[in-house]
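S.K.: Mind having a look at this structure? Questions to follow.
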Amino acid sequence: MANQEIERRRTFAIIAHPDAGKTSLTEKLLLFGGQIQVAGAVKSNKIKKTATSDWMDIEKQRGISVTTSVMEFDYNGYKVNILDTPGHQDFAEDTYRTLTAVDSVIIVVDGAKGVETQTRKLMEVCRMRNTPVIIFVNKMDREAKDPFDLLDELEEELVINVRPLTWPIESGPRFKGVYNIYEKKLNLFQPSKQVVTEKVEVDIHTEDLGNRIGAPLAEKLRSDLELIEGVYPAFDVNGYLKGELAPVFFGSALNNFGVQELLDCFVEIAPSPRPVQAEERTVTPDEPKFTGFIFKITANIDPNHRSCVAFCKVCSGKFVRNAPYLHVRHNKTVRFSSPTQFMAQRKTTVDEAWAGDIIGLPDNGVFKIGDTLTEGEKLHFKGLPSFSPEMFKYIENADPMKTKQLNKGIDQLMDEGVAQLFINQFNGRKLIGTVGQLQFEVIQYRLENEYNAKCRWEPVSLYKACWIESDDPAELEAFKKRKFQYMAKDREGRDVFLADSGYVLQMAQNDFKHIKFHFTSEF
């Protein structure tokens, strides 16, 4: 029974550059999974009640996904868990962490723009972990690049072999549909967001094809397909599972076109939950005992309750409600009376969850990102680094009456990993470090709206924050004395050096040979 449950799970993330159409694709997958009834619910204001994966007000105002949401649905006997990730690069860190919790990835690429910087970076993370990747080329109903050029660009930019499994017939206003190479069927395009398109079985070598799309296009399609068979090796599922080969699909998520082909092929070939590497050993999904790790913490999914939710990825065994589990870092036993699973904002309490599932655990401040839960074994899952921030501002209280609220808000938002907090040892001021400008706006907005606290920012020009350590205590002391104005502590109490320029950092590295400077918190 356990093995069947694990085998039928497909846990994946959708990653893309902003505006490539990720939210639209997520929504269409939910439509096929029967989780939402009307397409367009994500963007439209009329249908506030239906599912939407962008739930924070700032996301609704700007049309971007800022936090990762988790959605799950059943499809053809499979249980699909989607993690929607923020495409905006200011939130790259959140996305890197999400990729540690998935077994495969779908990359959305805009057919007109091709591969963009953000996508390249995310692909590097997938490569580091050999995560299998499927590519969906979106927006074919607009003028797009030549599909062969696109394939070349994908191979070159993402450093992966590709193999088209569907093929577009023209693009933009002339877009006729796609030919499904995997199922050998022709899918004709009708621009309608609500109706799923018709599929026709055609023998591409007969007149029938010309009757449906016109003789010139039929001729072009035949020669394109011959070229594909000649240039690209046959699709090999093992190459895909090893992360060496990416199948490519073409379509238009907004018009719900080409999405079902993607989903059908995905549930069939995508990996079920895979083994996870802990520091002590490799944990396989079919072990009888439950293990899991926290990869994300979100405050206030439900505005009526000021609580946090910790997202836990189940790595092995079966999670049971109210069962006693060991919180490894605290070495304490914890029980969860109301674990939840998500459909965007609709939460349901669950009694059990299997390897590959993502569950939300109510968190009153006991969790940090990277925490492990087990049935007693001391395991530490690794691979959730914080990156060295590149933008810094002092955070000041703008309303002295609300000091307590401000401090609580900062604490909870830092637990989420939205940004990093440093305390300057010289003047005791709080310094927030982020990877992007937008995060400061989000923090200020959320402090005001969720914690009723006002903050103001004071600029500070710093180049980088680096964690420092040394085997030579005397040299460390000397360094701290010389740089005392630039020393800070992070929330774990570790020493952090705030370098105000690249030159200063380089000089420090030259002058103090026995001090190690780290640019991620994992060392």
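None of the figures in this text is laboratory data; all of them are computed from the coordinates on show. Just so you know, these numbers come straight off a predicted model, no measurement behind them. Cβ sites come from the backbone with ideal geometry, for glycine too, and all protein chains shown count toward neighbours.
S.K.: Quote the FRET efficiency, to the nearest 0.05, computed for residue 461 versus residue 403 with a Förster distance R0 of 30 Å and r equal to the Cβ-Cβ distance. Don't skip to the end; give the middle numbers.
M.R.: Values: r = 27 Å, r/R0 = 0.90.
In this case the efficiency is close to 0.65.
S.K.: Continuing with the same structure: Between the range 211-261 and the range 148-185, what is the separation of their alpha carbon centroids in Å?
M.R.: Spelled out, the Cα-based centre of one part sits 5 Å from the other.
S.K.: Continuing with this model, one more query. With a sphere of radius 11 Å drawn around the Cβ of residue 374, what net charge do the other residues whose Cβ falls strictly inside it have (Lys, Arg +1; Asp, Glu -1)?
M.R.: Numbers: positive: 289, 378; negative: 280, 287, 371, 375, 377.
Counting the neighbours of residue 374, the net charge comes to -3.
S.K.: Quick one: which of 178-184, 257-263 comes out on top by average Cβ neighbours within 10 Å, and what's the full order, highest first?
M.R.: Going from most to least packed, we get 257-263, 178-184.
S.K.: Okay, next question. Could you please report the charge total around residue 430, scoring K, R as +1 and D, E as -1 over all other residues with beta-carbon less than 14 angstrom from its beta-carbon? Write down the numbers at each step before the final one.
M.R.: On the way: positive: 393, 408, 429, 456, 489, 491; negative: 396, 411, 458, 490.
Overall, the nearby charge balance is +2.
S.K.: Place the peptides 458-466, 157-165 in order of packing, highest mean first, counting for every residue the other Cβ atoms within 10 Å and averaging per peptide.
M.R.: Values: 458-466: 15.2, 157-165: 19.1.
Put in order of decreasing packing, that is 157-165, 458-466.
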